[in-house]
Amino acid sequence: MDIIISNSSGKPIYEQITSQIKNMIIGGELREGDALPSMRLLAKELRISVITTKRAYDDLERDGFIESFTGRGSFVAQKNVEFIREEQLKVAEGHLKNAVSVAKSSDISLEELEEILRVLYEE
C-alpha cells in the first residue's frame, strides 16, 4: 500500500493515513472486500507507532470505509455511495470556501468567480 507521510504537513499522521486510504477506496484503487495491511505491518512499513495506525483504522471504520474482524483483519467495507458522495461534497465545499475567501479579499466579483468555476469545470 503506497501511503506517503509528510512530516512537514500540518495534518497529524493518522489523518494523512485516513485521507489517503479514503481516496484509494473512493478512486477504486481499493475495492470492496480488499484486505488492508495489519495495523502492525502498516506501522512497521511507515516507521510509525501502532497507536497511530490504530487511530487511523478506527476513524476509517467509524466513517464506514472499512470493517475490522478480530483475528481476520481489516477489509474495505461495502461502498455506501451516498456516504461517499457526501464526503466528496464536504471536500469540494471546503475548497470553494477557500476560493470565496480569496476572491472576497482580492475584490474578485461573484460573476468572475462563477466564470472561473465554469471554465475549470468544463475542462
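What the table below lists for this structure:
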| item | result |
| --- | --- |
| Apportionment of accessible area to carbon and sulfur, the chain, percent (1.4 Å) | 52 percent |
| Projected label distance in nm at residue 122 and residue 92, using a 7 Å step from Cα toward the beta-carbon | 1.8 nm |
| Percentage relative contact order, the chain, counting C-alpha pairs under 8 Å, at least six apart | 21 percent |
| Efficiency of FRET between residue 78 and residue 51 - r from beta-carbon atoms, R0 35 angstrom, step 0.05 | 0.80 |
| Which labelled figure in [x] 18.0, 58; [y] 14.5, 51; [z] 22.8, 86 is Rg and Dmax of the Cα atoms in Å, once derived from the coordinates | [x] |
| Sum of side-chain charges, residue 111 neighbourhood, beta-carbon under 15 Å (Lys, Arg +1; Asp, Glu -1) | -2 |
| Förster radius 30 Å - calculated FRET efficiency between residue 4 and residue 26, Cβ distance, rounded to 0.05 | 0.95 |
| Ranking by accessible area, most exposed first, for 47, 55 with a 1.4 Å probe | 47, 55 |
| Accessible area of the stretch 1-65 divided out per residue, in Å², using a probe of 1.4 angstrom | 61 Å² |
| Selection from 80, 27, 52, by position along the positive dipole direction of the stretch 3-103 (Cβ) | 52 |
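The values are calculated or read from the model by the stated rules, or taken from the named source; none is laboratory data. Bear in mind the structure is a predicted one, so any value in this text is a computation, not a measurement. Note: ideal-geometry Cβ built from the backbone for every residue, glycine included; neighbour counts use all protein chains shown. Each accessible area value is taken on the protein alone, full model and side chains, heavy atoms only, with ligands, DNA and RNA left out. Shrake-Rupley method; radii C 1.70, N 1.55, O 1.52, S 1.80 Å.
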